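Novice: Sharing a structure here in structure tokens format.
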Amino acid sequence: MSNVKNLQSLEKLLGICTGLGGSYNPGNQNLQVKAMATLLSQAQTVLSEVDTARTGFEVATNAREQAFGTLRPLTTRIISALIAGGAMPQTVADARTMSRKMYGRVMADRAPVPLEGEEKPKTKRRARGTDYSSLVAHFAKLLETVSASPRYKTNEQELMVESLKKYLANLQKHNSSVIDATVSWQEARRKRNEVFYQLDKNLYDVGQRSKQYVKSLFGFSSSEYQTVRKIRFTKPRV
């Protein structure tokens, strides 16, 4: 939450500096009231963009998780349909190989690596070797096996080859959506970090330097400086 607190600190500092009127007239253009107000607006925008991008990422990952939720049960039904149709043992064995690859030991499913000022994302659990891209590849190979078998015949709409192709396309779509959402979230965080901590006139530096200007203007023991002195700005560790 250090980003939010830094934003609140700048807003509070800006209010105090504005209240000082004409006496607050720093030579550093970046510390002037108008420039600080512009910076505050910019910081509010980039922080909001991060929140929006994170929500987009969460929506995309939740939708993908739901879409993939029926994959393993569907795979089991496909293999049973192969056997029921009298498919060759080798064909069934190939299909079962793909099915086994969709299961395994449990490992952490990590969200994008956190950037400066962010809490470590919570992890989900999934099977080793069954990241979503691999699941798509395994199902695509299973679909190839099924499509090539003349003995795979079923009257159930959801198990027909054309339906399975549409199902695969849907999985691929959700995977792509998560990739796009991840990139957007990372880009939003990069822009936020520039405005808050990296640009020449970043929020952290402007806040700290403005406090020093008030100190130089009124002195350490002045009520003006003692007021702004209590306003804290923190810079996350890299």
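Novice: Working only within region 185-217, note down all residues that are surrounded by fewer than 18 Cβ atoms within 10 Å (Cβ to Cβ) and not charged (D, E, K, R).
Specialist: Hits for region 185-217 are Gln186, Gln198, Leu199, Gln208, Gln212, Ser216, Leu217.
Novice: Continuing with the same structure: Run Thr52 past the list (1) exposed (fewer than 14 other Cβ atoms within 10 Å of the Cβ); (2) within 30 Å of Tyr132 (Cβ to Cβ); (3) free of Cβ contacts under 8 Å to residues at least 40 places away in the same chain and report the number of the one that doesn't hold.
Specialist: (3)
Novice: Further, regarding this structure: Could you please find all residues in region 1-13 being under 16 Å from Ala35 (Cβ atoms) and open to solvent by less than 20 Å² (accessible area, probe 1.4 Å)?
Specialist: Leu10, Leu13
Novice: Need pairs with beta-carbon distance below 9 Å; first residue of a type in the set (D, E, K, R) and within region 59-82, second open to solvent by 60 Å² or more (accessible area, probe 1.4 Å) and part of a helix (DSSP H, G or I); sequence gap 6+ or separate chains.
Specialist: Final answer for the pair search is Arg77/Glu158.
Novice: Now a separate question. What number of residues within region 85-95 are exposed (fewer than 14 other Cβ atoms within 10 Å of the Cβ) and without any contact (Cβ under 8 Å) to a residue 24 or more places away in the chain?
Specialist: 3
Novice: Contact list please: Cβ distance under 7 Å, first residue in region 147-162 and farther than 13 Å from Ala87 by Cβ, second residue of a type in the set (A, V, I, L, M), pairs at least six apart or on different chains.
Specialist: Leu159/Ile78; Leu159/Ala81; Val161/Val146
Novice: Shifting gears a bit: Determine, yes or no, whether Ser221 is open to solvent by less than 60 Å² (accessible area, probe 1.4 Å) and without any contact (Cβ under 8 Å) to a residue 12 or more places away in the chain.
Specialist: No; evaluated as a whole, the condition is false for this residue.
The values are calculated or read from the model by the stated rules, or taken from the named source; none is laboratory data. The shown structure was predicted, so the numbers you read here are calculated from the model rather than taken from an experiment. Note that we place each Cβ from the backbone using ideal geometry, even for glycine, and neighbour counts take in every protein chain shown. For accessibility, only protein heavy atoms count, side chains too; no ligands or nucleic acids. Shrake-Rupley method; radii C 1.70, N 1.55, O 1.52, S 1.80 Å.
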